Amino acid sequence: MALAVASALALSLSACASTPGGESTPGGPTTEPGAVDQELVALLPEDVRDRGSLIIGASLDYPPDNFMEDDGTTPTGYMVDILQAVGDRVGLEIDYQRVDFASVLTGIEAGRYDGGISFLDSRERQEVVNVVGVYGAAQSFLVMDGNEIDIPPCGLKVGVGAGSIEETYLGRMSDDECVAEGLDPIQILTSPSNPQAQTAMASGRVDAVFGSTAAAAWAVEESDGAFAIAGEPFKLTDSPLTGIAVNKDRTDIAEALQAIVQSLIDDGTYDQILDEWGVAGIAVDTATLNGATE
């Protein structure tokens, strides 16, 4: 599904989506697009190869990154398509375990999942997981169309997904830019998912929702203009990449995923997926591993 609004916004964020520093995997494609690459297969840990699948924890409720089709059983989204291409490249099935986003990190740390998706890379997050940076990221405030808000939205009720990097960032914004200036704090109301926060806004329970710019642009289009984006996008880290979180002790899985994603970038499969979703502006040239430095 093409997303014209997200495309325009993502393209405007091309500076945010440029390749950051950090470890990277050099080299070009080693096989034809869509074919199994035995050199990459050899990089997979033995337990993953023997199982024949990647177990991925995901909320599957964060369009257009990852969500469910109308049938309620089929995962879709640009990150889902990238992961499918990862699986195809090394002959693995993608086994999604659907849980609330706030529970994904716990499952990764407990070893229940090989990885989890939609995790922004940051030094704070790197303390508990490895993060494979897959695409550029920016965040925005979503409001009802015609609702003018100040940014920071001191004193306002702002909805956000529980356990998200946006929840942490809003808390810091409230302390540093509101309370420290003698203004009322931001009232942060968490929901299990970003779409549920949007529902809360539509019913008047919150004044705005804070989430990824791509998710906000998707919501604007899906609402037929009932929603709007307020202000300019935010860059939350020095290297704003989002991707796959992996258990801190499973660097072998993280390094394999980094190399596989890089192969998709090199042969054009990656760009094709993002183009089809209308979010070409979030593309990067290099898949990173723990690339953020703040």
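Values quoted throughout were computed directly from the atomic coordinates according to the rules given, and no laboratory measurement underlies them. Treat the numbers as computed from the prediction; the structure is a model and nothing was measured. Please note: Cβ atoms are built from the backbone with ideal geometry, for glycine as well, and neighbour counts cover all protein chains shown.
Set against the 2.2 N^0.38 Å expectation for a compact globular protein, the chain has a Cα radius of gyration ratio of 0.97. Mean-square fluctuations from a GNM of the chain, with a 10 angstrom spring cutoff on Cα atoms, peak among 114, 150, 95 at 150. The length gained on full extension between residue 38 and residue 74, counted as 0.36 nm times the residue separation minus their Cα-Cα distance, comes to 10.1 nm. Applying 1/(1 + (r/R0)^6) with r as the Cβ-Cβ distance of residue 148 and residue 46 and R0 = 45 angstrom yields a FRET efficiency of 0.20. Spin-label model, residue 272/residue 95: points 7 Å from Cα along the beta carbon direction are separated by 2.8 nm. Near residue 54, within a Cβ-to-Cβ distance under 9 Å, what is the net charge of the other residues, with Lys and Arg +1 and Asp and Glu -1? Taking every Cβ under 9 Å from that of residue 54, the sum is -2. Each helix, a run of at least 4 DSSP H residues, gives -39500 (n - 2.57); summed and divided by the residues of the chain, these come to -9500 deg cm²/dmol at 222 nm.
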